[in-house]
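Read-outs throughout are calculated quantities, based only on the coordinates presented, and are distinct from any laboratory measurement. Fair warning: this is a prediction, and the values are worked out from it, not measured in the lab. Methodologically, a virtual Cβ is constructed for each residue, glycine included, from the backbone with ideal geometry; neighbour enumeration extends over all protein chains shown.
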Amino acid sequence: MKAAKEQQRAAKEFVTIWEDKGDEKQETQLFWIDLLQNVFGGLRIRQQ
């Protein structure tokens, strides 16, 4: 997990990137992957 300041900076950058990105339903997977990886600092994908 990222430090608070780094997470805040990443969140602002994320909003800037995604605010005019078009239809959120078409981009939903990319949106969540980007959010989890770049703002929260990790993405763990389970394989069954």
- Query: Each residue of the stretch 27-38 in order: what ³J(HN,Hα) in whole Hz does its phi give by Karplus 6.51 cos²θ - 1.76 cosθ + 1.60, θ = phi - 60°, with x for Gly and Pro?
  - Reply: 9, 4, 5, 5, 4, 5, 4, 4, 4, 5, 6, 8
- Item | Reach of Lys12 by Cα under 16 Å, taken over lysines that are not fewer than 8 positions away in the same chain | Lys2, Lys21
- Arrange the following residues from fewest to most other Cβ atoms within 10 Å of their Cβ: Val39, Val15. Val15, Val39
- Query: Given 37 °C and 0.692 mPa s, how large is the Stokes-Einstein diffusion coefficient of the chain in µm²/s, with Rh as the Kirkwood radius over Cα pairs?
  - Reply: 285
